[in-house]
Amino acid sequence: MADKRPPAQPRSSAPPAARAYSDDELIRRTEEFNQAAELYWQAVRRSPSGRRHAFNKPLSTLLDTPDILYRLGLVLEALDLGVGLTVLDLGAGSCWLASHLNRLRCRTIAMDISPTALELGRELFASDPRHHPDLEPQFLAYDGHRLDLPDAAVDRVVMFDAFHHVPNQQEVLDEIARVLKPGGRAVFAEPGEGHSHSEQSLFESDNTGVLENDLDVADVEAKALRAGFTRVLLKPYPRPSLALPAADYRRLIEGDESLYPMALLRADLRHFYVFVLEKGAPRHDSRNPRVLRAALAVDGPQRLSGRASAFVPFRVRLRNEGDTLWLAAERPEGGFVTLGGNVFSCLLYTSDAADEE
């Protein structure tokens, strides 16, 4: 799966060689499209400029970077991450997103149809000492049909500019729902209407054979619900290029809503999707806490005494009064809860005998 930025807008004139695939045709050609993705990545790996682009992403070009970083921020917020969560980066390409997730102390599984892309990802991880090898990042090839993971194996799934390359979308969504834990979520950043007719997409499709397809919100929602997801959410954000004159901005925030360019917003939302598929109600633990609150009481005497460096045993009653599950097992990345305390009052006693010595 190629990881490219979507075009800013579809072409204004009638699109040449418009491609409209039925689900049946896409499924029949799944192996063809998947092989084209591997050939694409083989060409990238052979090209010095292609390798530089892959290793530098999301800072590959001046043109692409603002759009990618903006959408990346929306995706990271929607993922609702926590330290040590297991995140499947599906359609990982050169694994640039898995790299960032690892540096955020998540356990990553980078998966792609292309073994060559994953080899680039291994090189990327090995080349940067900021990665956390103790989190055991994984790089798994994908056969285009079944995700080689057990049921309920991951906390989150992310696809960034990858799902629109998938020919067998229902099958893939079924698999994502299977490997996702209850309370987990899958987050997608994808181009929308008109993508397959853009100049860039037509060039990529003609020269590499990689599938460039349009996504339709209603179709994605129907397939996600059939797969077992319970809710589909979309983030209604325009592209980062939207701006207002200062005077209009001040009037807008003072209450003049007519100044917001709704027509431009609607146009952007048609071509720019960040959507979330939820598998049940979210579940929060101490890896990504919400309210951490405890009631603590000491059994026995309220004043403790003992010699320096001595252990002073006492019993404590502790009750979780927040909304977050506490995890007790120690983890190198953090995210666990232990009982701790501070000495806030200390009286020192000396004896005459000690003073005489």
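Values for this structure:
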{"read-out": "Rg(Cα) / (2.2 N^0.38 Å) computed for the stretch 64-192, rounded to two decimals", "value": "0.97"}
{"read-out": "Within the chain, helix-based [θ] at 222 nm, where runs of 4 or more DSSP H residues each add -39,500 (n - 2.57), nearest 500", "value": "-10000 deg cm²/dmol"}
{"read-out": "Within a Gaussian network of the chain (alpha carbon springs, distance under 10 Å), most fluctuating of Asn320, Asn34, Asn56", "value": "Asn320"}
{"read-out": "Convex hull volume per residue for the stretch 17-134, taking Cα atoms only, in Å³", "value": "151 Å³"}
{"read-out": "Where Cα atoms sit under 19 Å apart: lysine pairs in the chain separated by 8 or more or lying on different chains", "value": "6"}
{"read-out": "Which of Met262, Met111 is most accessible, then next, and so on - probe 1.4 Å", "value": "Met262, Met111"}
{"read-out": "By accessible area with a 1.4 Å probe, ligands and nucleic acids excluded, highest first: order of Tyr260, Tyr273, Tyr249, Tyr40", "value": "Tyr249, Tyr260, Tyr40, Tyr273"}
{"read-out": "Along principal axes, Cα extents of the chain, largest first, whole Å", "value": "99, 53, 41"}
{"read-out": "Reciprocal mean inverse distance between Cα atoms of the stretch 109-164 - Kirkwood radius, Å", "value": "12.8 Å"}
{"read-out": "Heavy atoms of Ser60 accessible to a 1.4 Å probe, total area in Å² rounded to 10", "value": "40 Å²"}
{"read-out": "Accessible surface of Glu321 - all protein chains present, 1.4 Å probe, nearest 10 Å²", "value": "80 Å²"}
{"read-out": "Overall form of the stretch 124-282 per C-alpha gyration tensor (a/c, 1.5; a/b vs b/c)", "value": "prolate"}
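The values are calculated or read from the model by the stated rules, or taken from the named source; none is laboratory data. Predicted, not measured: the structure shown is a model, and the values here were computed from it. What goes into the accessible areas is simple: the full protein's heavy atoms, side chains included, and nothing from ligands, DNA or RNA. Shrake-Rupley method; radii C 1.70, N 1.55, O 1.52, S 1.80 Å.
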